Amino acid sequence: MDVLVAVASRHGGTWEIGDVVAEVLRGRGHVVDVRAPEDVTTVAGYDAVILGSAIYLAHWMPTARELAERCEDELVSRPVWLFSSGLATQPANSANSPHEIAALRERLGARGHRHFRGRLDRAVLSFAERAVIAGGRAREGDHRDMAAVASWAGDIADALVACVPSVSS
């Protein structure tokens, strides 16, 4: 199947999650494009879509939300999975549940949403981002579990096999 992995990432950590998803799917025989949401004008030509976003201030990035809105009619007609990546640790973890995810999942008929812990490197953050992070008391470091990402991608690969119509002889 041809699969689009569209990833909104500000500092690269969420993009790397998308790369792991793509690698697993390619390893299972799928053709996969990884693109930024702002570079996607249509999902025509893709059999399935995985849309992910970093979380800032308890929301998906605007480019990911805009892609979902722009391509909604196309997305509802194919298998879609969603993922998020955000502040890595408690107590900041409560900010990792974007309010719009439940509505987006329902609107698109998405087959699932998975949240992954993120990577926090204060050195690459703007002053405003560092101020927000300080309020959330998040721990610095890479808290992503790439094995969990790969496992989730494997589950998607299995589900995609079930989506392929069988050819009878």
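Taking residue 119, is it open to solvent by 60 Å² or more (accessible area, probe 1.4 Å), at pLDDT below 70, under 16 Å from the mean Cα position of the chain (by Cα) and not polar (S, T, N, Q)? Please lay out each step first, then the result.
Numbers: open to solvent by 60 Å² or more (accessible area, probe 1.4 Å): yes; at pLDDT below 70: yes; under 16 Å from the mean Cα position of the chain (by Cα): yes; not polar (S, T, N, Q): yes.
Spelling it out, residue 119 is indeed open to solvent by 60 Å² or more (accessible area, probe 1.4 Å), at pLDDT below 70, under 16 Å from the mean Cα position of the chain (by Cα) and not polar (S, T, N, Q).
For residue 3, which of the numbered conditions (1) touching a residue at least 60 places away in the same chain (Cβ under 8 Å); (2) surrounded by 18 or more Cβ atoms within 10 Å (Cβ to Cβ); (3) in contact with a Lys or Arg (Cβ under 7 Å, 6 or more places away or on another chain) fails to hold?
Only one criterion in (1) touching a residue at least 60 places away in the same chain (Cβ under 8 Å); (2) surrounded by 18 or more Cβ atoms within 10 Å (Cβ to Cβ); (3) in contact with a Lys or Arg (Cβ under 7 Å, 6 or more places away or on another chain) is unmet by residue 3, namely (3).
Identify the single condition in (1) closer than 25 Å to residue 144 by Cα; (2) at pLDDT 95 or above that residue 66 does not satisfy, given that it satisfies every other one.
(1)
The values are calculated or read from the model by the stated rules, or taken from the named source; none is laboratory data. For clarity, every value in this text was computed on a predicted model and none was experimentally measured. Reconstructed Cβ throughout: ideal geometry from the backbone, glycine too, with neighbour counts over all protein chains shown. These accessible areas exclude ligands, DNA and RNA; they are computed on the full protein's heavy atoms, side chains included. Shrake-Rupley method; radii C 1.70, N 1.55, O 1.52, S 1.80 Å.
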